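J.: Got a structure for you, written out below as structure tokens; questions coming shortly.
The values are calculated or read from the model by the stated rules, or taken from the named source; none is laboratory data. Remember, predicted model here, so these are calculated numbers, not experimental data. Cβ coordinates were reconstructed from backbone atoms using ideal geometry, including for glycine residues, and neighbour counts include every protein chain displayed. These area figures cover heavy atoms from the full protein model, side chains too; ligands, DNA and RNA do not enter into them. Shrake-Rupley method; radii C 1.70, N 1.55, O 1.52, S 1.80 Å.
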Amino acid sequence: MIVIDGCAIATLDGDGAEHADGHLVIEDDRIVAVGEGRAPDAPGARRIDARGMLATPGLVNCHHHLYQWATRGLAQQATLFEWLVELYPVWAHVDDEIEWAAARAGLAALALSGCTTTTDHHYVFPATAGDLLEVEIGAAGSIGVRFHPCRGSMDLGRSDGGLPPDEIVEDRDAILAASEEAVARFHDPSPGAMVRVALAPCSPFSVTAELMAETAQLARRLGVRLHTHMAETLDEEAFCIERFGVRPVQYLEDLGWLGDDVWLAHCVHLSDEEIGRFGATRTGVAHCPSSNARLGAGIAPVAALTRAGAPVGLGVDGAASNESGALSVELREALLVARIAGGPAAMTARDALALATIEGARCLGREDELGSLEPGKLADVALWRLDELDHAGIEDPIAALVLGRPRGVDTLLVGGRAVVEGGELRTADADAVAADAARQSRRLRERAGAPGGAAARGGSAA
Ligand SMILES: [Zn+2]
């Protein structure tokens, strides 16, 4: 049993209950009590003195590409399509050692930023690379975060009118067989699961319509969720209109891809009518504000989507288009970009925190056991220290967390297990993880023969 005492608490429950000086009690992997004031006596319990801290639900990251940790800092001034064309040939050289190092670094960065549950969209499977999905599931287990890996895929190479080079696309039947095998091997439908698998063809410009439709049928037969990229850029919109004769959302809907078992990354360029369809079908959205800003893609209509009833979670996206990889940063980014587009009432600090917690849990279909601090829910808890220079004395602890300088978490519990304590990773040596990531990033650049210098960084070499 664990007793957490003396902290402000944002429960994110259905009533939005908050406590100025409250307590949490945890038994095994579940929360058993939350409330104002001191916890009831619990002889033998481990006590965490959380004075000066804010307790929130562990953050939920709804979109990522962990392998991209090994290709940060490249193509800095590129549009999405330019960035992809530059990076695909590098990603074609990812192998199991690179995947392991990049995934561990990305997962450690997430944990240190308060994230207890993350998804990953892995769609690059070079023929000789080994089982990269198995590798990243092992990496998540070693860091100790709850993991929703997506078996991604690409089957539309350049010679068939797609964007990726032919060398890194797979055969459709092989993809469907590997997807089914991934679910059979790794997906755990039971309550409290640490690993759940989703199926995730990559994007309209790298996947055939046949694979999209057949993957949706397979996911529904197997009872797993669906994920893909959608409406990220105007280039994608133009591609869909030219190739399919319809806008991206209509394309997806025609293939059976709107529904409450689907969550989609980005959704920046949506019409009012399309936003209404997201709400009516309860299709989820993974909002990735830093990545959208970094690639100059635009600002997703988050307030309109949530008003329409669509679940909207937050995502860091891959670290090649968001060199931070920290989810606590996205709280602030989400609020700021919403207000740039829609004025100061477009998003409150509490709205931003809800995106990163309960709304993210809805995207992953786990709002019954994740995303809020309530008795019966899993003990995924983030404790944020707010009594130091950056935040001491601030009027509202939630404003400190969302509007103040983005910071690391002090203590992170996943199912009651301490993954971060005192701001330090407890499940791995962060310095060793960083050194391995640096070594494998270098190795990937050497394997790919990627040029260094200003051109590779997207600088103006001309
Ligand atoms: Zn992405």
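J.: Within the stretch 283-295, how many residues are open to solvent by less than 10 Å² (accessible area, probe 1.4 Å), assigned to a loop (DSSP other than H, G, I, E, B) and within 12 Å of the ligand (Cβ to nearest atom)?
T.: So the first thing to find is which residues in the stretch 283-295 are open to solvent by less than 10 Å² (accessible area, probe 1.4 Å), and the list is 283-289, 291-292.
Those still in the list that are assigned to a loop (DSSP other than H, G, I, E, B) too: 283, 288.
Subset that is within 12 Å of the ligand (Cβ to nearest atom): 288.
So the count comes out to 1.
J.: Please go through the stretch 200-223 and pick out each residue that is surrounded by 24 or more Cβ atoms within 10 Å (Cβ to Cβ) and under 29 Å from residue 379 (Cβ atoms).
T.: 200
J.: Consider residue 394 against the criteria (1) without any contact (Cβ under 8 Å) to a residue 12 or more places away in the chain; (2) open to solvent by less than 40 Å² (accessible area, probe 1.4 Å); (3) within 25 Å of residue 349 (Cβ to Cβ): it satisfies all of them except one. Which criterion is unmet?
T.: Going through (1) without any contact (Cβ under 8 Å) to a residue 12 or more places away in the chain; (2) open to solvent by less than 40 Å² (accessible area, probe 1.4 Å); (3) within 25 Å of residue 349 (Cβ to Cβ) one by one, residue 394 breaks only (2).
J.: For the stretch 342-371, give me each residue that is surrounded by 17 or more Cβ atoms within 10 Å (Cβ to Cβ) and on the phi > 0 side of the Ramachandran plot.
T.: Residues satisfying the conditions are 365, 371.
J.: Output the residues belonging to the stretch 296-307 that are surrounded by fewer than 24 Cβ atoms within 10 Å (Cβ to Cβ) and within 14 Å of the ligand (Cβ to nearest atom).
T.: 297, the sole residue that qualifies.
J.: Identify, please: which residue in the stretch 316-341 is in a loop (DSSP other than H, G, I, E, B) and among the charged types (D, E, K, R) and is, among those, surrounded by the fewest Cβ atoms within 10 Å (Cβ to Cβ)?
T.: Of the stretch 316-341, the ones in a loop (DSSP other than H, G, I, E, B) are 316-326.
With among the charged types (D, E, K, R) added as a condition, the list becomes 317, 323.
Values: 317: 30, 323: 14.
Selected residue: 323.
J.: What number of residues within the stretch 253-280 are closer than 13 Å to residue 311 by Cα and open to solvent by 30 Å² or more (accessible area, probe 1.4 Å)?
T.: Total satisfying the criteria: 5.
J.: Being closer than 24 Å to residue 84 by Cα, open to solvent by less than 50 Å² (accessible area, probe 1.4 Å) and free of Cβ contacts under 8 Å to residues at least 12 places away in the same chain: is that true of residue 246 here? Talk me through it step by step, then tell me what you get.
T.: Working: closer than 24 Å to residue 84 by Cα: yes; open to solvent by less than 50 Å² (accessible area, probe 1.4 Å): yes; free of Cβ contacts under 8 Å to residues at least 12 places away in the same chain: yes.
Yes; evaluated as a whole, the condition is true for this residue.
J.: What number of residues within the stretch 249-266 are of a type in the set (Val, Ile, Thr) and away from the ligand (no atom under 16 Å from the Cβ)? I'd like the intermediate steps shown before the answer.
T.: Keep residues of the stretch 249-266 that are of a type in the set (Val, Ile, Thr), which gives 249, 262.
Right, trim to away from the ligand (no atom under 16 Å from the Cβ) and you get 249.
So the answer is 1.
J.: Does the stretch 346-355 include one or more residues that are more than 23 Å from residue 5 (Cβ to Cβ) and in contact with an Asp or Glu (Cβ under 7 Å, 6 or more places away or on another chain)?
T.: Within the stretch 346-355, the subset more than 23 Å from residue 5 (Cβ to Cβ) is 346-352, 354-355.
Okay, now just the ones that are also in contact with an Asp or Glu (Cβ under 7 Å, 6 or more places away or on another chain), so none.
Within the stretch 346-355 (the criterion being more than 23 Å from residue 5 (Cβ to Cβ) and in contact with an Asp or Glu (Cβ under 7 Å, 6 or more places away or on another chain)), the answer is no, since none of the residues qualifies.
J.: Related question: Taking into account only those residues within the stretch 169-192 that are touching a Ser or Thr at 6+ places or on another chain (Cβ under 9 Å) and among the β-branched types (Val, Ile, Thr), which is least open to solvent (accessible area, probe 1.4 Å)?
T.: It comes out as 175.
J.: Need the failing condition index for residue 85 against (1) under 21 Å from residue 175 (Cα atoms); (2) open to solvent by 20 Å² or more (accessible area, probe 1.4 Å), just the number.
T.: Checking residue 85 against (1) under 21 Å from residue 175 (Cα atoms); (2) open to solvent by 20 Å² or more (accessible area, probe 1.4 Å), the one that fails is (1).
J.: May I pose another question? Applying the selection to the stretch 69-79, what residues are surrounded by fewer than 24 Cβ atoms within 10 Å (Cβ to Cβ) and either farther than 27 Å from residue 237 by Cα or within 16 Å of the ligand (Cβ to nearest atom) (or both)? Talk me through it step by step, then tell me what you get.
T.: Step one: of the stretch 69-79, the residues surrounded by fewer than 24 Cβ atoms within 10 Å (Cβ to Cβ) are 72-79.
72, 74, 75, 78, 79 - these are the residues of the stretch 69-79 that are surrounded by fewer than 24 Cβ atoms within 10 Å (Cβ to Cβ) and either farther than 27 Å from residue 237 by Cα or within 16 Å of the ligand (Cβ to nearest atom) (or both).
J.: Could you name every one of the strands (runs of 3 or more DSSP E) located completely within the stretch 26-116 that has at least 1 residues being more than 17 Å from residue 322 (Cβ to Cβ) and among the acidic types (Asp, Glu)?
T.: Numbers: elements: 30-36, 46-49, 53-57, 59-61.
So the answer is 30-36, 46-49.
Yes/no per residue for (1) touching a residue at least 60 places away in the same chain (Cβ under 8 Å); (2) more than 29 Å from residue 299 (Cα to Cα):
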{"site": "143", "(1), (2)": "yes, yes"}
{"site": "162", "(1), (2)": "no, no"}
{"site": "166", "(1), (2)": "no, yes"}
{"site": "250", "(1), (2)": "no, no"}
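J.: On to the next question. Could you say which residue among 89, 126, 57 is away from the ligand (no atom under 16 Å from the Cβ) and within 22 Å of the chain's Cα centre (by Cα)? If you could, list the steps in order and put the result at the bottom.
T.: Values: 89 fails: within 22 Å of the chain's Cα centre (by Cα); 126 fails: within 22 Å of the chain's Cα centre (by Cα).
After applying the criteria, what remains is 57.
J.: Are any residues in the stretch 308-327 free of Cβ contacts under 8 Å to residues at least 40 places away in the same chain and within 13 Å of the ligand (Cβ to nearest atom), and if so, which ones?
T.: Within the stretch 308-327, 322 is the sole residue that qualifies.
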